[in-house]
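Reviewing the structure listed below.
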Amino acid sequence: MSLTLQADELIIAFENNDPVIRYFLDRETGETLFVSDLMDSEEIQERIDEDFERYAAIEPVPSHDSFQIMEDFVESLPEGAARRDLVSALNQRKPFRRFKDTLLAYPDLREQWFRFHEQAFIEIIKEWLKDHGIEATVIPFHPKK
């Protein structure tokens, strides 16, 4: 059975490095579930514990991989002010925040970034699905232009 999965839900799971939240993919329904130490997740945790083979734990992507995606995006840009500003943002303290803030000054480029980011994560997700023996189609939120 092949699943149809929404990229946006999975990207949130793959990007979340918060140690109090754990994400799981239901191999049968394609539902993305999360369990949090900060809220009542007992029912979901019991569901997972009762049939743990059914659920695949999603390990977050290391921040250095996310940083590499930002660098790859910047390298794909033509020379100019936007590229210089983004290179500068990546070389400052809190580069993830600076990168996002810098993109606010370039609305068209920001949209381009959303598509680039999503495609990069879709590739990561597809590899993860393959590694876990899960047959699925991942549907992007931001269609290619």
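The values are calculated or read from the model by the stated rules, or taken from the named source; none is laboratory data. Being a predicted model, the structure only gives us computed values, none of them experimental. FYI the Cβ positions are ideal-geometry reconstructions off the backbone, even for glycines, and counts take in every protein chain you see. Quick note on the areas: whole protein, heavy atoms, side chains included, nothing else; ligands and nucleic acids left out. Shrake-Rupley method; radii C 1.70, N 1.55, O 1.52, S 1.80 Å.
Some observations on this one:
- Of residues in the stretch 30-81 being closer than 26 Å to residue 133 by Cβ, of a type in the set (Asp, Glu) and within 16 Å of the chain's Cα centre (by Cα), the one most open to solvent (accessible area, probe 1.4 Å): 59
- In this structure, residue 117 does not qualify as under 20 Å from residue 4 (Cβ atoms), open to solvent by less than 90 Å² (accessible area, probe 1.4 Å) and not acidic (Asp, Glu).
- Scanning the stretch 8-21 for residues that are of a type in the set (A, V, I, L, M, F, W, C) and surrounded by fewer than 18 Cβ atoms within 10 Å (Cβ to Cβ) yields 12, 20, 21.
- Strands (runs of 3 or more DSSP E) contained in the stretch 19-115 and holding at least 2 residues β-branched (Val, Ile, Thr) and without any contact (Cβ under 8 Å) to a residue 40 or more places away in the chain: 32-36
- Some residue of the stretch 131-144 being over 19 Å from residue 16 (Cα atoms), open to solvent by 70 Å² or more (accessible area, probe 1.4 Å), at pLDDT 95 or above and part of a helix (DSSP H, G or I): yes
- Within the stretch 116-133, the residues that satisfy the criterion of being charged (D, E, K, R) and either closer than 14 Å to residue 71 by Cα or without any contact (Cβ under 8 Å) to a residue 24 or more places away in the chain (or both) are 123, 126, 127, 130, 131.
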